[in-house]
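In what follows, a structure is listed as structure tokens, so that the remarks can point back to it.
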Amino acid sequence: MIRFFTSPENIRETSIELTSEDRLHLRSLRIRPSEEFIVCDGAGTDYVCKLKNGKNENKADFASTAVILRQEKTQSEPTTHCTLYIAYAKGDRLEYAVQKSVELGVTGIILFKSKRCIATFDNTNRKLERLQKIAHEAAKQSGRGIVPIVKNGGEYEEILNTAAIRDGFSILLYEDEKHLHIKQVLEAKPTFSQVAIISGPEGGFELDEIMQAREKGIHIASLGARILRSETAPVVALSVLMFHTDNL
């Protein structure tokens, strides 16, 4: 079923105020008054709606409101909350990582700069707006109950403190880790409701950055014998997490 997101303030007792963008989208899809679609409040509640009947039963009038038929809890949100920390990357690699992570069920995405980052993050607001739009579209397409927020976390040291303190259980992906696989880290935790995953840039992390993470109590783990690209590693790690927690 077609899905849209709206702000809670647009939701009334029996109707929802549609944005101009959503009305244009509905028009382009040729939605009829009898057809149902979903408007989500971005907080895990879906409202099944239909357009108000126009004079012609075969033609939607695309008024500014949609009629609420029923509401229900979004069924697609994972039980485990994962915040994904991704190092700056060049080209469209961040776009790919953001899109696929949202589809897989990430709760939030925080970007950061580490020592081997090739890419810079100039025009921060412009890039964040682009990535947030990608997250929004991916959430609609995959039936999410929330739109994960994409933020700029700044320097590596800053995000280490955030990941270690706020999320508690954190994993840093390191291709040179020879003894501990991400699967082993997850299996060692009988129950958990939230986790942070930290993924590095194209050149990987430097050894002193790994030591900094260890000092913060962050688990250092590998994704196996093969070295994955910077946009692939976070998506694979998130897939492993969602499979392990029965959310995939």
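The values are calculated or read from the model by the stated rules, or taken from the named source; none is laboratory data. Source: prediction; values computed, not measured. Here the Cβ positions follow ideal geometry from the backbone for every residue, glycine too, while neighbour counts run over all protein chains shown. When the accessible area is computed, the model is the full protein with side chains, heavy atoms only, and any ligands, DNA or RNA have been set aside. Shrake-Rupley method; radii C 1.70, N 1.55, O 1.52, S 1.80 Å.
So that you can scan it fast, the table gives a plain yes or no per residue for (1) among the acidic types (Asp, Glu); (2) under 20 Å from His136 (Cα atoms); (3) in contact with a strand residue (DSSP E or B) (Cβ under 6 Å, 6 or more places away or on another chain):
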residue	(1), (2), (3)
Thr6	no, yes, yes
Asn10	no, yes, yes
Glu21	yes, yes, no
His25	no, yes, no
Ser34	no, no, no
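Conditions (1) at pLDDT 95 or above; (2) farther than 17 Å from Gly42 by Cα; (3) touching a strand residue (DSSP E or B) at 6+ places or on another chain (Cβ under 8 Å), marked per residue:
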{"residue": "Ser64", "(1), (2), (3)": "no, yes, yes"}
{"residue": "Pro78", "(1), (2), (3)": "yes, no, no"}
{"residue": "Lys90", "(1), (2), (3)": "no, yes, no"}
{"residue": "Ile110", "(1), (2), (3)": "yes, yes, yes"}
{"residue": "Asp122", "(1), (2), (3)": "no, yes, no"}
{"residue": "Arg126", "(1), (2), (3)": "no, yes, no"}
{"residue": "Tyr156", "(1), (2), (3)": "yes, yes, yes"}
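Has region 183-194 got at least one residue that is part of a strand (DSSP E or B), over 21 Å from Tyr88 (Cβ atoms), open to solvent by 60 Å² or more (accessible area, probe 1.4 Å) and in contact (Cβ under 8 Å) with a residue 12 or more places away in the chain?
yes
Determine the pairs where a residue that is under 11 Å from Ile68 (Cβ atoms), located within region 10-22, has a partner that is part of a loop (DSSP other than H, G, I, E, B) with Cβ atoms under 8 Å apart, the partner being 6 or more residues away or on another chain.
Qualifying pairs under 8 Å: Ile11/Asp41; Ile16/Thr6.
What tally of residues in region 195-221 results from selecting those that are under 22 Å from the mean Cα position of the chain (by Cα) and within 26 Å of Gly91 (Cα to Cα)?
So the count comes out to 7.
Mind checking which residues of region 108-165 are β-branched (Val, Ile, Thr), loosely packed, with under 13 Cβ neighbours inside 10 Å and either touching a residue at least 60 places away in the same chain (Cβ under 8 Å) or part of a helix (DSSP H, G or I) (or both)?
Thr124, Ile165
Give the number of residues within region 217-241 that are at pLDDT 95 or above and either closer than 13 Å to Ile171 by Cβ or aromatic (Phe, Trp, Tyr) (or both).
Residues flagged as at pLDDT 95 or above and either closer than 13 Å to Ile171 by Cβ or aromatic (Phe, Trp, Tyr) (or both) within region 217-241 amount to 13.
Considering only region 177-194, state which residues are within 22 Å of Glu206 (Cβ to Cβ) and acidic (Asp, Glu).
If the condition is that a residue be within 22 Å of Glu206 (Cβ to Cβ) and acidic (Asp, Glu), then Glu177 is the only one that fits.
Any residue at all in region 74-85 that is over 18 Å from Phe4 (Cβ atoms) and either open to solvent by 50 Å² or more (accessible area, probe 1.4 Å) or touching a His at 6+ places or on another chain (Cβ under 6 Å) (or both)?
yes
Of the numbered conditions (1) in a helix (DSSP H, G or I); (2) surrounded by 15 or more Cβ atoms within 10 Å (Cβ to Cβ), Pro201 satisfies every one except a single condition; which is it?
With respect to (1) in a helix (DSSP H, G or I); (2) surrounded by 15 or more Cβ atoms within 10 Å (Cβ to Cβ), Pro201 is out only on (1).
Determine, yes or no, whether Lys100 is under 27 Å from Gly224 (Cα atoms), open to solvent by 10 Å² or more (accessible area, probe 1.4 Å) and part of a loop (DSSP other than H, G, I, E, B).
So Lys100 fails the test.
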